[in-house]
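Presented below is the structure to which this report refers.
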Amino acid sequence: MTLGGASLQRLTGMGFALVAAPGLVLLLGPWQGVLLTNAAACAISAIGLAGTWRRVMWSSMLPLVAAAALAIPVGARVAGELSARSLSIGVGAVIVVSVLLVIAGARMRALSGRGGAIAAGAMSGFMNATTGAGGPPISLYAANAGWTAAKFVPNVQFYSVVANGLSLTARGVPRLTWYAWSLTGIGVVGGAVVGTVLAKRITDDRVKSLVMGLALIGGVLLLLKGLTMG
């Protein structure tokens, strides 16, 4: 099974972020929304990694993680300097462009080899800290590297845990009420259960269409909201 045919298996924490970030930013604002996306994606990836960590390619992940670790503080600093309007526009634009690239099956020759790993990690880390959606550069790197789903899933879960953990360290944890945290926990657990059930009943193509559609709609709405803010 190639990476391109593994839509269900690609729904790691970073895939979750692509869908969830627009809605959470619309609901909570660009700062708290991104932080909650980071926190939830980190938790989802950690749950998945518990059963797959033995298949992580540590040598391949080192340049990706190292580059992300250097870029995340820069992204956090930039996010702290931007207005709510600019952040909303930025998050919406990143989501829309990322979804269109994924739908088009884009490949970038520059994102190959060790240099490509460093570039992908840096872009992903910056995007993760500013928008909560750092997955597309890693997906593009994996596609260029010819990773199968068996390679992609554990390695991206590991990357997501590290990148989102570092983003939370750089920007702080979400400031939510206990009620909001409870709803988040229920949503994460409930989503995992529902996803497990649906994975046995619907095709990869339908999952991909649903995920990309929801992400694109959310990104467009968030972009429009940012453009219309005073």
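The values are calculated or read from the model by the stated rules, or taken from the named source; none is laboratory data. Since this is a predicted model, take the numbers as computed values, not measurements. Cβ atoms come from the backbone with ideal geometry, glycine included; neighbour counts cover every protein chain shown. SASA here: full protein model, heavy atoms, side chains in, ligands and nucleic acids out. Shrake-Rupley method; radii C 1.70, N 1.55, O 1.52, S 1.80 Å.
Worth a mention:
- Residues in region 24-67 that are assigned to a helix (DSSP H, G or I), of a type outside the set (A, V, I, L, M, F, W, C), under 26 Å from residue 113 (Cβ atoms) and more than 15 Å from the chain's Cα centre (by Cα): 54, 55, 59, 60, 63.
- For first residues located in region 112-126 and aromatic (Phe, Trp, Tyr), partners that are assigned to a helix (DSSP H, G or I) and open to solvent by less than 10 Å² (accessible area, probe 1.4 Å) and lie 6+ apart or on another chain with Cβ distances below 7 Å form the pairs 126/75.
- Out of 136, 154, sole residue that is under 23 Å from residue 227 (Cβ atoms) and assigned to a helix (DSSP H, G or I): 136
- Screening residue 40 against (1) open to solvent by 50 Å² or more (accessible area, probe 1.4 Å); (2) closer than 16 Å to residue 176 by Cα; (3) touching a residue at least 12 places away in the same chain (Cβ under 8 Å) leaves a single unmet condition, (1).
- Cβ-Cβ distances below 7 Å connect the following pairs, each with a first residue in region 175-186 that is within 17 Å of residue 16 (Cβ to Cβ), a second residue that is not in a loop (DSSP other than H, G, I, E, B), and a separation of six or more residues or different chains: 184/36; 184/40.
- Considering 122, 163, the condition of being at pLDDT 85 or above and more than 17 Å from residue 42 (Cβ to Cβ) is satisfied by 122 alone.
- Only listed residue being hydroxyl-bearing (Ser, Thr, Tyr) and at pLDDT 75 or above, chosen from 112, 86, 7: 86
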